[in-house]
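The values are calculated or read from the model by the stated rules, or taken from the named source; none is laboratory data. Here the structure is a predicted model, which is why all the values come from computation and not from measurement. Here the Cβ is made from the backbone with ideal geometry for all residues, glycine too, and neighbour counts use every protein chain on show. Ligands, DNA and RNA are excluded from the accessible area calculation, which covers all protein heavy atoms including side chains. Shrake-Rupley method; radii C 1.70, N 1.55, O 1.52, S 1.80 Å.
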Amino acid sequence: MAEYTKSLPIPQPESDFYWEKAKAHELWLTHCDDCDSTYFYPRPICPGCFSRNTKPMQSSGKGTIYTYAIVHRAPLPGWRDDVPYIVAQVELEGGARIPTNIVGVEPDPANLKVGMAVEVVFDDVTEKITLPKFKLAG
Amino acid sequence: MPNANLSRTVAIVGAAESDELGVVPHKSALQHHAEAAHNALADAGLSVKDVDGLFTAGFSTLITAEYMGITPRFSDSTSVGGSSFVVEIAHALAAINAGMCEVAVITHGQTGRSGRASGNSSGLYDPNFPNMQYEQPYGIMGPPINYSMACTRYMHQYGEERTRQALAEIAVSTRKWAQMNPKAQMREPMSFDDYHASRWISWPFHLFDCCLVTDAGAAVVLTTAARARDLPKKPVWVLGAAEYHDHFMMSQMPDLTRTPAYVSGPLALQMAGVTHNDIDLAMIYDSFTYTVLATLESLGYCKPGEGPDFVANQRTAPGGDFALNTSGGGLSYTHPGMYGIFLLVEAVRQLRGECGERQLKDPKLSLVNGTGGQLSSTGTTVLAVD
Ligand SMILES: [Zn+2]
């Protein structure tokens with residue numbers, strides 16, 4: 001495997017499960033049983049109502065593009081060969097918003113619209129880390 | 001609401017930049033802090049020995065105080081990005097009224113352009129931070145990428161073409177002001193065609209949607225009403241001051257088209273006892289053209305989605321009926337990384353009548369709004385002269 005030169009996440013105690021599930025090609029969020037919200041990113045106390053009554057919950061991996069941008073100037077050397085690339089926020093079924101990349105489509109605003117249906121794909125970027133990304137659905 | 005009885009209890013009595021702005025590879029960030037403090041204290045007619053309250057952001061005041069030989073009894077290094085220095089006006093107001101200090105100096109210095117270090121001076125790059133875990137691995141980092149995503153959402157909600165026109169109006173009008181500021185970095189004329197032809201940084205942002213990256217410092221000095229009246233220059237009264245933040249990462253922002261100014265703005269105006277129509281000069285952090293558009297709406301100058309109509313036809317340019325960012329802003333004057341302090345310097349100079357060619361006619365009231373992080377934090381203050 002060629003050396004991976006982009007930034008990698010360093011999983012933290014409360015997010016180990018998230019990254020382990022991603023490695024198994026599953027997308028997991030957190031559900032609050034008190035306010036019935038599903039949220040990202042992983043934290044055991046609900047940011048909506050401060051309840052501790054929360055548990056991990058698997059996401060369908062389906063959602064819509066909430067917003068996006070097309071990056072033309074690489075923010076770090078690791079992305080120099082990737083520009084232009086698509087950054088996005090995807091709103092998942094259930095309401096959680098997740099930052100990500102849209103892949104498998106030419107990075108041109110003509111091909112992308114806010115509200116388009118997307119679904120998760122898993123990019124095994126290293127032996128340890130898998131990044132959930134999204135492609136246009138259907 | 002902040003206590004309206006504190007209105008006019010504190011004044012800005014000194015304001016200045018560091019000696020050189022722009023591309024200054026021969027000076028460190030801390031040297032910009034010290035020069036700016038030196039110049040602002042001279043402007044105030046005060047001595048460094050008078051300073052007992054020290055404020056900054058990015059650096060800890062432990063570092064800036066030691067470098068300048070100041071030993072403050074009140075210290076504040078609140079780091080909420082470029083908004084910090086405007087937020088600290090509210091903090092200084094509170095501290096002075098509480099007797100925690102009497103002469104407060106807010107300093108900033110940053111070498112975003114030429115700094116020898118990595119430039120990661122804001123302290124927001126710790127691998128433990130959520131953005132390092134959830135955003136940066138996707139190449140989502142830095143303001144241009146984040147703010148451009150917020151702008152796409154605005155375009156979706158309110159129309160791409162009219163949004164684009166608004167961004168161009170703001171870029172072009174701001175450059176016109178910069179042409180009248182001898183300290184501005186970008187003083188060549190900019191046409192609408194120049195704007196549209198500038199290269200993409202992160203679609204929907206062109207280069208000319210983005211602020212400069214410079215080396216610069218600035219400082220302001222505040223003190224009690226009693227001391228302010230004895231100083232040589234006209235006191236610039238703090239009428240109202242407030243702050244708010246509602247997220248850190250852009251992906252956690254509740255509404256990408258509404259900045260925290262929707263809370264800090266009304267609070268500051270209420271405390272000041274004035275309304276939008278009373279304001280003669282709006283100094284609104286322009287990290288990006290979009291920041292201005294979203295902030296005007298959030299402050300309540302117009303309704304959500306009406307910003308493009310508000311700034312149409314070069315209304316914010318010299319000679320227009322809405323004076324905005326008369327220094328040339330972060331877009332064309334200077335922007336070393338965190339810009340909020342420079343908004344205050346220009347507001348003070350306009351209110352005192354020190355702006356030369358770009359001087360407004362007898363302005364009495366200025367609203368200053370700093371924005372920091374990823375549209376995360378705002379500080380709003382209302383300043384006035386008698
Ligand atoms: Zn909850």
Checklist entry - Looking only at the stretch A:12-40, which residues are in a helix (DSSP H, G or I) and either within 13 Å of chain B (Cβ to nearest Cβ) or open to solvent by less than 50 Å² (accessible area, probe 1.4 Å) (or both)? => result A:13, A:14, A:15, A:16, A:18, A:19, A:22
Checklist entry - If residue A:69 passes every condition in (1) outside any strand (DSSP E or B); (2) away from the ligand (no atom under 16 Å from the Cβ) but one, which one does it miss? => result (1)
Next on the checklist: So for the stretch A:93-112 (the condition being within 11 Å of chain B (Cβ to nearest Cβ), within 16 Å of the ligand (Cβ to nearest atom) and out of contact with any Asp or Glu (no Cβ under 7 Å at 6 or more places or on another chain)), does at least one residue qualify?
Outcome noted: yes
Checklist entry - Of the residues that sit in the stretch A:53-66 and are within 30 Å of residue B:155 (Cα to Cα) and in a loop (DSSP other than H, G, I, E, B), which one is farthest from the ligand (Cβ to nearest atom)? => result A:61
Checklist entry - Within the stretch A:113-121, is even one residue open to solvent by less than 30 Å² (accessible area, probe 1.4 Å), within 16 Å of the ligand (Cβ to nearest atom) and in a loop (DSSP other than H, G, I, E, B)? => result no
Checklist entry - Is it the case that some residue within the stretch A:61-74 is modelled with pLDDT under 95 and away from every other protein chain (no Cβ under 11 Å)? => result no
Next on the checklist: Can you pull out every residue in the stretch B:155-184 that is polar (S, T, N, Q) and farther than 18 Å from residue B:318 by Cβ?
Outcome noted: B:157, B:163, B:165
Next on the checklist: Quick test for you: out of A:40, A:50, pick the one residue that is of a type outside the set (A, V, I, L, M), within 16 Å of the ligand (Cβ to nearest atom) and within 30 Å of residue B:210 (Cβ to Cβ).
Outcome noted: A:40
Item to check | Test for residue A:78: is it within 10 Å of chain B (Cβ to nearest Cβ) and more than 18 Å from residue B:147 (Cα to Cα) | outcome: yes
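Got at least one residue in the stretch B:172-179 being away from chain A (no Cβ under 14 Å), within 23 Å of the chain's Cα centre (by Cα), charged (D, E, K, R) and over 27 Å from residue B:38 (Cα atoms)?
yes
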Next on the checklist: Go through the stretch A:81-92 and report how many residues are surrounded by 16 or more Cβ atoms within 10 Å (Cβ to Cβ) and more than 7 Å from chain B (Cβ to nearest Cβ).
Outcome noted: 7
